[in-house]
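Shown next, in structure tokens, is the structure this report addresses.
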Amino acid sequence: MLYHFSEESDIHIFIPRAKQNRPEFPAVVWAIDEQHEFSYYFPRDCPRIVIRRTNDISDEHHELFFKHSNADLIVTVENEWYSRIMQQTLYRYHLDAASFKLFDETAGYYISDQVVTPSYIEKIDHLVDRLLARGVELRFTTNLYPLRNAVLHSDFQQFGIHRFNHAKPV
């Protein structure tokens with residue numbers, strides 16, 4: 001089973017669409033696997049950075065990012081999004097994986113070039129509780145740019161930078 005998350009509760013079919021930030025990419029339906037779905041327990045436009053502890057990270061960068069944490073997953077968002085995250089209701093659309101192919105293993109993204117009909121729509125709320133239950137450490141910061149720069153200049157292989165165009169300017 002794969003999933004698509006939305007703030008809309010009434011999507012009856014998913015029609016392949018081109019991504020606004022990737023006009024050269026073909027029109028597809030996007031989905032995510034269960035292991036990575038936590039990265040979508042946020043309002044759609046919420047900028048966030050996800051880092052995952054791995055065995056191949058250097059000691060220097062392990063110390064920099066994980067020194068005071070036992071968590072294997074850390075998600076950082078800007079302070080202004082706290083209230084919206086707490087109040088947000090999402091809808092998790094269950095999608096049959098048959099027409100999808102793996103696009104990005106690190107992020108758990110799958111794509112399909114076919115029209116997809118969801119088999120089930122599930123209301124999702126209490127997003128912070130869901131994150132914590134999955135062992136995610138949720139951090140808040142005044143601005144994501146310093147962390148983004150540090151991550152991009154590190155030896156991380158397992159990270160995600162989502163909706164960064166909505167981050168506050170430096």
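Given 163, 139, which one is under 21 Å from residue 71 (Cβ atoms), basic (Lys, Arg) and either surrounded by 12 or more Cβ atoms within 10 Å (Cβ to Cβ) or modelled with pLDDT of 95 or more (or both)?
Numbers: 163 fails: under 21 Å from residue 71 (Cβ atoms).
Within the list 163, 139, the selection yields 139.
Which of the residues that make up segment 14-38 are outside any strand (DSSP E or B) and more than 18 Å from residue 120 (Cα to Cα)?
Step one: filter segment 14-38 for residues outside any strand (DSSP E or B), giving 15-16, 18, 20-21, 23-27, 33-38.
Once the filter is applied, which keeps residues that are outside any strand (DSSP E or B) and more than 18 Å from residue 120 (Cα to Cα), segment 14-38 yields 16, 18, 20, 21, 23, 24, 25, 26, 27, 35, 36, 38.
Can you confirm whether residue 57 is hydrophobic (A, V, I, L, M, F, W, C), on the phi < 0 side of the Ramachandran plot and surrounded by 17 or more Cβ atoms within 10 Å (Cβ to Cβ)? Explain how you work it out, then say what you get.
Details: hydrophobic (A, V, I, L, M, F, W, C): yes; on the phi < 0 side of the Ramachandran plot: yes; surrounded by 17 or more Cβ atoms within 10 Å (Cβ to Cβ): yes.
Yes; evaluated as a whole, the condition is true for this residue.
Among the residues of segment 58-77, is any at pLDDT below 95, touching a strand residue (DSSP E or B) at 6+ places or on another chain (Cβ under 7 Å) and either of a type in the set (Lys, Arg) or within 18 Å of residue 118 (Cβ to Cβ) (or both)? Checking segment 58-77: not a single residue is at pLDDT below 95, touching a strand residue (DSSP E or B) at 6+ places or on another chain (Cβ under 7 Å) and either of a type in the set (Lys, Arg) or within 18 Å of residue 118 (Cβ to Cβ) (or both).
Does residue 42 satisfy the criteria of being part of a loop (DSSP other than H, G, I, E, B) and surrounded by 11 or more Cβ atoms within 10 Å (Cβ to Cβ)? Against the criterion (part of a loop (DSSP other than H, G, I, E, B) and surrounded by 11 or more Cβ atoms within 10 Å (Cβ to Cβ)), residue 42 qualifies. The residues on offer are 127, 90, and the sole one that is touching a helix residue (DSSP H, G or I) at 6+ places or on another chain (Cβ under 6 Å) and closer than 18 Å to residue 8 by Cα is 127.
The values are calculated or read from the model by the stated rules, or taken from the named source; none is laboratory data. Predicted model only: the values in this text are computed from it and were never measured. Reconstructed Cβ throughout: ideal geometry from the backbone, glycine too, with neighbour counts over all protein chains shown.
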